[in-house]
Every structure is written in C-alpha cells, then in structure tokens.
Amino acid sequence: MDKYGLIGFPLKHSFSMSYFNEKFEAENIDAKYINFEIPTIKDFMEVIEENPELKGLNVTIPYKEQVMKFLNELDGDAANIGAVNVIKITHNKKGKVQLKGYNSDVVGFTRSIQPLIQPFHKHALILGTGGASKAVFHGLKKLGINSTFVSRSKHDKNTITYGDITPEIMEENKVIVNTTPLGMYPNVDTYPNIPYNLLTKNHLLYDLLYNPDQTQFLLKGKEQGCIVKNGLEMLLLQAFVSWEMWHQQ
C-alpha cells in the first residue's frame, strides 16, 4: 500500500488527511494518508527512512523553508518562492531516495483568482509579508499583475506600510489580497487596516482565509460593491495540485 502524508508541528487538524483518505476510498486507490507531527525538522529524514512506501508529502508550518536543505531538487516555483509544501518521493535504480520539492500555493492561488481578473487589474496590494505572500506575489506575476507588499513596518523598496496607503495607491491597485491571519476564527472581528471607503466596484478583494467564509475584510469590500473571494477553493486546488505533482513524470 502506498503512503502519503503531512509533516508539520503542531497538526491539530488536517484538511489534507481527511481529503486524501476520502479520495482513496471513493476512487478505490490502495493508499493511505498519515499525519507526521514532528517537533523538529531534524526528524524529517527519520520519517522518510521509516516509511519506504511513502510516495509524497505535504509540508506545513513551520517547515516549508527548513525542509529545503534535505531535498535533491526544486521545481522552479519552489526555488523562486523559497518555500516548499509538496515533496515527491521516488527511488533511483540503486534504490536511493530522491526528493523533489514543489510549491502548490502558487498554482492553487493562480487557478483560483484567474477567472476573476479583468483587463484593468494591473496592480495589486498584498497585505502581509509571510510565507504565503511570496506565493501570491509569484502567482500574480504569472498573471501579468505587478504587486506591492503592505506591512506594519517597511522592509524594502517593494514594501509600504498601512499608513502609506493614499487615495492614489487605492485607485491604482485594483486587486487586494489578504495573506495575514487578521479575521481568522476565533478573532473574527479583526481586519487589515486599509481605507475601505476608497474601494470601488472595480476592486477585487481576495482573502486566503476561509474560516469564517466571509471575513470582515471581505464583508467591508462587499459593502463597497467589490468582487470578493475567500481561500477555500485555493485550499481544494492545492490538494488537487499535490496529487498532480506526486504523479507527474
């Protein structure tokens, strides 16, 4: 029986495990998906060595960057982003394990937001500068959209602070993506500090969060007539893309 799994810490709840095990049962696939809760990345190779049936892994917080040093090869997106959340596991002719890293965040996000993009969506604000924000940046770049990061403090020339957001910036940036945890359950009353009164019906607001399904960020956008979308479809697409990555030649 083939094995697939998730590494991270802690793993209180796993969408991936329920998704894949339901998929295996529904499609009569002889495989199982297991959570590997490892307290340190030093335990990663132990998981690989003790589970020779492993064909693929998903990677979650806090190991998306730390795991890269153990891999033999990186896909282009993963290398550009500097983070891996999918690992394909194969064995060469000598039986030696080969590990290739991918990033399904960028593919999942791009496929999810692409149907909503209009010709006037040329520039975007990405709220937050964490790991997911890099995937969003590269995803938007693939769609021909230039992005600026928004953070509480200025990091570099491509980052502005929330206090720097002017009416002109709101007018120019018709796509706004929230990659921060603000608004996530149970803190549902929180939201990023942007001038919502300057939003228009031509603005597209995308929130990587999906619990609740309508964050305050999205609700405030809807009040201004914006097109809004949460991150649930991206989550589903990431799982679908993981399966593609594990089985591509």
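The values are calculated or read from the model by the stated rules, or taken from the named source; none is laboratory data. Values in this document were obtained by computation on a predicted structure and should not be read as measured data. When we count neighbours, we look across all protein chains shown, and the Cβ atoms used for this are built from the backbone with ideal geometry, even at glycine.
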Query raised in the report: Of the residues that sit in region 224-249 and are farther than 20 Å from V136 by Cβ, among the polar types (S, T, N, Q) and not assigned by TED's automatic domain parsing to the domain that holds V177, which one is surrounded by the most Cβ atoms within 10 Å (Cβ to Cβ)?
Result: Q248
Query raised in the report: Which condition does F217 not pass, out of (1) farther than 21 Å from A132 by Cβ; (2) over 18 Å from the mean Cα position of the chain (by Cα), if it passes all the others?
Result: (1)
Report summary line: Over region 1-14, the set of residues outside any strand (DSSP E or B) and surrounded by 15 or more Cβ atoms within 10 Å (Cβ to Cβ) is F9, L11, S14
Query raised in the report: Out of the residues in region 38-65 that are of a type in the set (V, I, T) and part of a loop (DSSP other than H, G, I, E, B), which is nearest to Q238 (Cα to Cα)?
Result: T60
Report summary line: H155 fails exactly one of (1) surrounded by 15 or more Cβ atoms within 10 Å (Cβ to Cβ); (2) at negative phi, namely (1)
Report summary line: Subset of region 211-249, residues of a type in the set (F, W, Y) and within 25 Å of T200 (Cβ to Cβ), comes to F217
**Report entry** S133 vs. criteria under 22 Å from I81 (Cβ atoms) and either outside the structural domain of L209 (by TED's automatic domain parsing) or at pLDDT 95 or above (or both)
**Finding:** no
Requested in this report: Go through I29, I81 for me and flag whichever is at pLDDT 95 or above, among the hydrophobic types (A, V, I, L, M, F, W, C) and not assigned by TED's automatic domain parsing to the domain that holds H138.
Outcome: I29
Query - Residue identified as in a helix (DSSP H, G or I), at pLDDT 95 or above and of a type in the set (S, T, N, Q) among N35, N21 - result: N21
Query raised in the report: Here are some conditions: (1) over 18 Å from the mean Cα position of the chain (by Cα); (2) on the phi < 0 side of the Ramachandran plot; (3) exposed (fewer than 13 other Cβ atoms within 10 Å of the Cβ); (4) not charged (D, E, K, R). H121 meets all but one. Which one does it not meet?
Result: (3)
Report task. Could you run through region 204-223 and say how many residues are touching a strand residue (DSSP E or B) at 6+ places or on another chain (Cβ under 9 Å), part of a loop (DSSP other than H, G, I, E, B) and surrounded by fewer than 21 Cβ atoms within 10 Å (Cβ to Cβ)? Result -> 1
Query - Complete set of residues in region 132-161 that are within 24 Å of T60 (Cα to Cα) and out of contact with any Asp or Glu (no Cβ under 7 Å at 6 or more places or on another chain) - result: S133, K134, V136, F137, G139, L140, K141, K142, F149, V150, S151
Query raised in the report: Taking region 161-182, which residues are free of Cβ contacts under 8 Å to residues at least 24 places away in the same chain and of a type in the set (A, V, I, L, M, F, W, C)?
Result: none
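Check whether at least one residue in region 102-114 is hydrophobic (A, V, I, L, M, F, W, C) and farther than 30 Å from L205 by Cβ, and report yes or no.
At the first step, the residues of region 102-114 found to be hydrophobic (A, V, I, L, M, F, W, C) are 106-107, 109, 113.
Now restrict to residues that are farther than 30 Å from L205 by Cβ: none.
Looking through region 102-114, none of the residues is hydrophobic (A, V, I, L, M, F, W, C) and farther than 30 Å from L205 by Cβ.
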Query raised in the report: For region 101-118, which residues satisfy the criterion of being surrounded by fewer than 20 Cβ atoms within 10 Å (Cβ to Cβ) and either under 14 Å from M245 (Cβ atoms) or in contact (Cβ under 8 Å) with a residue 24 or more places away in the chain (or both)?
Result: R111, Q114, L116, I117, Q118
Query - L140 touching a strand residue (DSSP E or B) at 6+ places or on another chain (Cβ under 6 Å) and at pLDDT 95 or above - result: yes
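Which helices (runs of 4 or more DSSP H) does region 66-145 wholly contain that include 1 or more residues that are among the aliphatic types (A, V, I, L, M) and closer than 22 Å to F9 by Cβ?
In region 66-145, the matching helices (runs of 4 or more DSSP H) lie at 76-81, 131-142.
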